[in-house]
Amino acid sequence: MERNSYDWLDLFSGGVPTAPFFFSYTLDGLEQIYLAQSDKPGSSQLNELCVIGLVSYFEAFCKDHFASIINIEPSILRNLSKNGQDISIDPVQVLELGNALSYSIGFMIAEKYDFGTAQKINALYRALILISPFSKDEMQIYGDLLRDRNLLVHHRGTYTSSYITQNKSILLSGKDRPFFDSLVISKTYVDKQFNFIKEVSRKMLKASHAALIKYLDKNEIQLPEWKQKAVDSFLDEK
């Protein structure tokens, strides 16, 4: 059954376009809280929480955007299957979705996958739409950010022996006592990570937009207006 144009929001998690929600609401909101408190007592703890939140929100962004691409054009699932990704679906969940399956199947598929590292994100996006969101250098930067985030979450920032072994700069700093010295999250560090996540996210959105258009053209697929509106939103940060 043909759907009305206003239903394009159903293609996105929470009924909100992924790009503007991530930039204008999630990142801007987190950054405003951080900047408002950065010079006040307790700001070091806030810096740590911002790093933890930034990584968590970015992982959700990667998963939600991946799902929306599939929702917009479900035939692209053939790419995932062809490239060795599991696209099987629980038939009970299919029955629960009913008619909504045709525009929300991406949520069910994305739910199966792990978007927890740059390598995994690259592998999934490459399988789906032939793009690699992270360059080699960006993979290293994100890996370092994840390592710091995990140290904060699992060890409240206190160095472990394995963390020190993996980070040569600590060995040169003189503050390298495992289980005693701690990671210090400075304002400069947080600013740098915000800028990095924004840069990678914008690149992912632009590359996936171009790749989806190319896929549609190659397969002679003409999207209805309500779905084309969803594609256009990839490049809208507000």
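The values are calculated or read from the model by the stated rules, or taken from the named source; none is laboratory data. Note that the structure is predicted; figures quoted are calculated from it, not measured. Using ideal geometry, Cβ is built from the backbone for each residue, glycine included, and neighbour counts are taken over all protein chains shown. Remember, those area values only see protein heavy atoms, side chains included, never the ligands or the DNA or RNA. Shrake-Rupley method; radii C 1.70, N 1.55, O 1.52, S 1.80 Å.
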_Straight-line reach only, C-alpha to C-alpha below 18 angstrom: list the lysines that LYS218 could link to, leaving out same-chain residues fewer than 8 apart._
LYS82, LYS227
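Length gain on complete extension for the stretch ASN99 to HIS155, per 0.36 nm per residue less the alpha carbon to alpha carbon distance? Can you show the working numbers first?
On the way: separation 56, 0.36 × 56 = 20.16 nm, distance 4.57 nm.
This chain segment gains 15.6 nm when fully extended.
Determine the dipole magnitude for the chain: charges of +1 sit on the beta-carbon of Lys and Arg, -1 on that of Asp and Glu, nothing else is charged, the reference point is the Cα centre, and the result goes in debye to the nearest 20. Intermediate results must be reported in sequence, preceding the final value.
Numbers: 26 positive and 29 negative charges, 148 e Å.
Rounded to the nearest 20 debye, it is 700 debye.
For a quick protection proxy, order the peptides 72-84, 14-26 by their average other-Cβ count within 10 Å, most packed first. Can you show the working numbers first?
Details: 72-84: 14.8, 14-26: 17.8.
Result, highest mean Cβ count within 10 Å first: 14-26, 72-84.
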*Place +1 on the Cβ of every Lys and Arg and -1 on the Cβ of every Asp and Glu in the chain, take the dipole about the Cα centre, and give the residue among VAL94, THR188, PRO74 whose Cα lies farthest towards its positive end.*
THR188
_Segment ILE52-ASN219, extension gain: residue separation times 0.36 nm, minus the distance between their alpha carbons_ = 56.0 nm
*Sorted by accessible area with a 1.4 angstrom probe, largest first, how do ARG126, ARG147, ARG156 fall?*
ARG156, ARG126, ARG147
*Using θ = phi - 60° and the Karplus curve 6.51 cos²θ - 1.76 cosθ + 1.60, what whole-Hz ³J(HN,Hα) does each residue of region 88-93 get, with Gly and Pro shown as x?*
5, 10, 5, x, 5, 5
*Return the long-range amide H neighbours of ILE131 (sequence gap of 5 or more, or a different chain), with a cut-off of under 5 Å between placed amide H atoms.*
ARG126
*Which one of ILE121, ASN47, SER135 has its Cα pushed farthest toward the positive end of the charge dipole of region 47-191, where Lys and Arg give +1 and Asp and Glu give -1 at the Cβ?*
SER135
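Tell me the relative contact order for the chain as a rounded percent, counting alpha carbon contacts under 8 Å between residues six or more apart.
Dividing the mean separation by the residue count of the chain yields 30 percent.
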*If the limit is 29 Å between Cα atoms, which of LYS112/LYS187; LYS63/LYS238; LYS120/LYS206 go over it?*
LYS112/LYS187
*Starting from the eigenvalues of the Cα gyration tensor, five times each then square-rooted, give me the equivalent ellipsoid semi-axes of region 27-90, largest first, whole Å.*
39, 12, 7
*Restricting region 88-144 to GluC sites (Glu not before Pro) in coil, as DSSP defines it, with at most 16 other Cβ within 10 Å*: GLU111
*With each run of n ≥ 4 DSSP H residues scored as -39500 (n - 2.57), what mean residue ellipticity at 222 nm is computed for the chain after dividing by its residue count and rounding to the nearest 500 deg cm²/dmol?*
-19500 deg cm²/dmol
*For region 1-134, give the magnitude of the charge dipole about the Cα centre (Cβ charges: +1 Lys/Arg, -1 Asp/Glu; no others), in debye to the nearest 20.*
400
*If amide H atoms are built 1.01 Å from N in the plane of the peptide, which residues on other chains or at least 5 residues away come under 5 Å of the amide H of SER182?*
TYR159
*More than 24 angstrom apart: percent of Cα pairs within the chain*: 51
